[in-house]
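K.L.:
There's a structure below that I have some questions on.
Nothing in this text is a laboratory measurement; each read-out follows from the coordinates by a stated rule. What you are looking at is a predicted structure, and each value in this text was computed from that prediction instead of being measured. Glycine gets a Cβ as well: all are built from the backbone with ideal geometry, and neighbour counts include every protein chain shown.
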Amino acid sequence: MFKHSTRVLCLAAGLLFGISLAGLSEVRTTQVNSAIPSTGVNFFFSSAFAGSSVWDDSPSSQSKVVKSVSGGYASLKVDPHWELSVWLSSYQRSTAIELQTKMLVYHEKNTYLSFVPAIYNSAGSKSGGGTLASGYKEECSLNGIALPLILSLDSKRNVTMNLSAGANSEWVSVKGYYGAYNSTTYQYDRVYYTRNTVNTWRGHLNLSLTANSGALIMTPEIGITFADARNQGKMRFLNYGISFGARL
């Protein structure tokens, strides 16, 4: 009996090790925006942090932590010092929604400084396996807050330089099930699991240029992120992204 139980546990551990490698709950690592409040619609592509990587016990690899997302956002200029926006993005099995507010805290001639706090959620799931009984499903959810500052210098020649710096705090949770073969009953037992929510953090420093021609705008961006990926360790990686759209 002890041998059978041990065998089931070994199979279960091996399966969990195998299914925990694919990324879920990705969130963007760029701002692709300026400090100047505006009304508009934009589409973006950005490097991203994979929230599920904090649970990955396999050898550390940046490819498990760094992904990419694409999506869009709509912004509304409430008054000269305040903007509200909604961001939506996706990557393979995950989708994310973000609510952001931009508050212009300093403006002098061509210099703008805004505080851009946001709350967001990214969630995704993956499943597989040979049959319904022997298959698996894993769900990952990430909730976070972002506290960035954006400094913009407007050249008044259709180009604005933006420097952003900020910190993110995120809470990641995972749950799911898998089928473990039981050599006593010669059937698969479905095993459910829920992992305790863990907190992690990220910080970034990004540089971008916003170019406009009439109502059309484009913002390419590069930078660097420092992240605590928990089981994957502390990492430093390159940020990259671009947004394009129109100011209304």
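K.L.:
Determine the sum of side-chain charges near ASN121: Lys and Arg each +1, Asp and Glu each -1, restricted to other residues whose C-beta is under 11 angstrom from that of ASN121.
P.N.:
Residues near ASN121 contribute -2 overall.
K.L.:
If one puts a single equal scatterer on every Cα of the chain and applies the Debye formula without solvent, what log₁₀ I(q)/I(0) results at q = 0.14 Å⁻¹?
P.N.:
-0.88
K.L.:
Given a cut-off of 19 Å, what percent of all Cα-Cα pairs of segment 32-133 lie beyond it?
P.N.:
Roughly 56 percent, rounded to a whole number.
K.L.:
Would you order ARG247, ARG93 from fewest to most other beta-carbon atoms within 10 Å of each residue's own beta-carbon?
P.N.:
With the fewest neighbours first, ARG247, ARG93 line up as ARG247, ARG93.
K.L.:
Something else: At most 14 other Cβ atoms within 10 Å and a DSSP loop assignment: could you name the trypsin sites (Lys or Arg not before Pro) in segment 140-243 that fit?
P.N.:
LYS156, ARG157
K.L.:
Another question, if that's okay. Tell me the net charge near THR39. Cut-off is 13 Å between Cβ atoms, THR39 excluded, with +1 for each Lys or Arg and -1 for each Asp or Glu.
P.N.:
Charge balance near THR39 sits at +1.
K.L.:
Quick check on the exposure proxy: order THR197, THR39 from fewest to most C-beta atoms within 10 angstrom.
P.N.:
In increasing order of surrounding Cβ atoms, one gets THR197, THR39.
K.L.:
Contact order normalised by length for the chain, with contacts defined as Cα pairs under 8 Å and 6 or more residues apart; what percent is it?
P.N.:
The value is 21 percent.
K.L.:
Additional query: Report the net charge of residues surrounding VAL27, where surrounding means a beta-carbon distance below 11 angstrom and charges are Lys +1, Arg +1, Asp -1, Glu -1.
P.N.:
Here the count lands on 0.
K.L.:
For the pair TYR192 and SER60, how long in nm is the line joining their label points, each one 7 Å along Cα→Cβ?
P.N.:
3.6
K.L.:
Name all residues of segment 53-77 having a backbone nitrogen under 12 Å from the label point set 7 Å from the Cα of LEU88 along its Cα→Cβ direction, giving them as ranges.
P.N.:
Residues passing the 12 Å test: 71-74.
K.L.:
Do any of LYS109/LYS156; LYS64/LYS102; LYS126/LYS234 go past 22 Å between their Cα atoms, and which?
P.N.:
Exceeds cut-off: LYS64/LYS102; LYS126/LYS234.
K.L.:
Roughly what angle does helix 2-19 make with the longest principal axis of the chain, taking Cα atoms, 0 to 90 degrees, to the nearest 10?
P.N.:
Approximately 20 degrees, to the nearest 10.
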